[in-house]
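**Q** Provided herewith is a single structure, encoded as structure tokens, for subsequent inquiry.
The values are calculated or read from the model by the stated rules, or taken from the named source; none is laboratory data. Bear in mind the structure is a predicted one, so any value in this text is a computation, not a measurement. All Cβ positions, even for glycine, are placed from backbone atoms using ideal geometry, and neighbour counts span all protein chains on display.
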Amino acid sequence: MEKHSFFEASRHWSQAKLLSYILNAGAQFQGVDELESALNEYFLDFNRILQVDEDALREIKGIGPKKAKQIMAVLALHQAWSTPKPLKEVIRKSADAYQHFKGLRFPAHEEFHVLYLNRAHAPLARHQLFKGGLTGTVTDVRLILKRALHWNATAIIVAHNHPSGSLQPSENDKRMTRKLSTASDTLDIKLLDHLIVASSGYFSFSDQGLL
């Protein structure tokens, strides 16, 4: 409850007071009001703080070298958050997905990875979920979908490698893919593809009409 009440109260603070609180590390409000007053006196328009340098900040009463650097760090963080981010890459075809899994060409053991995607089919996260011996990995559909719900993913692409070098799916690969596709559909999560990766390239279930 205390966290929520503080958040609600701080939403109504001035920019100067918020910055003063950060600089004083929330130490029982010690010095917060004094620093807020000094900042407001120096910056008649507080937005001007975005245009000053470290030396100018040190002219303000109560701000030494350490606090000036803290302010510059806060401003850099503000700029990073405010700068529009480029759209993430979108997975449009199996070759795009393969770029995320081509590292599976090298292990001498089987691994099973999952790429979680948003509604636009842009990657949210990738996880190695299983690792096995040369006889095959054990896949747990429940764990795959649990992670999908955690990431609020609406689509997934799975991949595993064949250290033997064969790109042909086994009957177990086909059976697992059907099982995962059916289970995903019940949660409105789309299994877009299943890639088998080997040293010679990859096999796509989607490209071959198996999904």
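**Q** Quick check on my filter: what residues within the stretch 154-173 are part of a loop (DSSP other than H, G, I, E, B), under 20 Å from Leu104 (Cβ atoms) and out of contact with any His (no Cβ under 7 Å at 6 or more places or on another chain)?
**A** Of the residues in the stretch 154-173, the ones part of a loop (DSSP other than H, G, I, E, B) are 154, 162-170.
Those still in the list that are under 20 Å from Leu104 (Cβ atoms) too: 162-170.
Of everything in the stretch 154-173, those that are part of a loop (DSSP other than H, G, I, E, B), under 20 Å from Leu104 (Cβ atoms) and out of contact with any His (no Cβ under 7 Å at 6 or more places or on another chain) turn out to be His162, Ser164, Gly165, Ser166, Leu167, Gln168, Pro169, Ser170.
**Q** Of these, Asp185, Asp193, which one is exposed (fewer than 15 other Cβ atoms within 10 Å of the Cβ) and under 22 Å from Arg92 (Cβ atoms)?
**A** Asp185
**Q** For the structure I just gave you, tell me whether Asn161 is of a type in the set (S, T, N, Q) and either in contact with a strand residue (DSSP E or B) (Cβ under 6 Å, 6 or more places away or on another chain) or within 21 Å of Ser200 (Cβ to Cβ) (or both). Walk me through how you get there before you give the answer.
**A** Values: of a type in the set (S, T, N, Q): yes; either in contact with a strand residue (DSSP E or B) (Cβ under 6 Å, 6 or more places away or on another chain) or within 21 Å of Ser200 (Cβ to Cβ) (or both): yes.
The answer is yes for Asn161.
**Q** May I pose another question? Looking at Tyr116 and the list (1) surrounded by fewer than 21 Cβ atoms within 10 Å (Cβ to Cβ); (2) outside any helix (DSSP H, G or I), which single condition is not satisfied?
**A** All conditions are met except number (1).
**Q** On to the next question. Determine, yes or no, whether Ser200 is touching a residue at least 12 places away in the same chain (Cβ under 8 Å), crowded, with 18+ Cβ neighbours inside 10 Å and on the phi < 0 side of the Ramachandran plot.
**A** No; evaluated as a whole, the condition is false for this residue.
**Q** Scan the stretch 43-63 and report the pairs whose first residue is without any contact (Cβ under 8 Å) to a residue 12 or more places away in the chain and whose second residue is part of a loop (DSSP other than H, G, I, E, B), with Cβ atoms within less than 8 Å and a gap of 6+ or a chain change.
**A** Close Cβ pairs satisfying both conditions: Arg58/Gly64.
**Q** Could you pull out the residue among Arg142, Arg126, Arg147, Arg175 that is within 18 Å of Lys102 (Cα to Cα) and modelled with pLDDT under 95?
**A** Arg126
**Q** With part of a loop (DSSP other than H, G, I, E, B) and under 22 Å from the mean Cα position of the chain (by Cα) as the only criterion, which of Asp188, Asp193, Asp207 stands out?
**A** Asp188
**Q** Sticking with this one: Taking only pairs six or more apart or across chains, which ones have beta-carbon atoms under 8 Å, a first residue in the stretch 96-120 that is over 19 Å from Gly132 (Cα atoms), and a second residue that is at pLDDT below 90 and acidic (Asp, Glu)?
**A** That search, which allows pairs on different chains as well, returns Asp96/Glu89.
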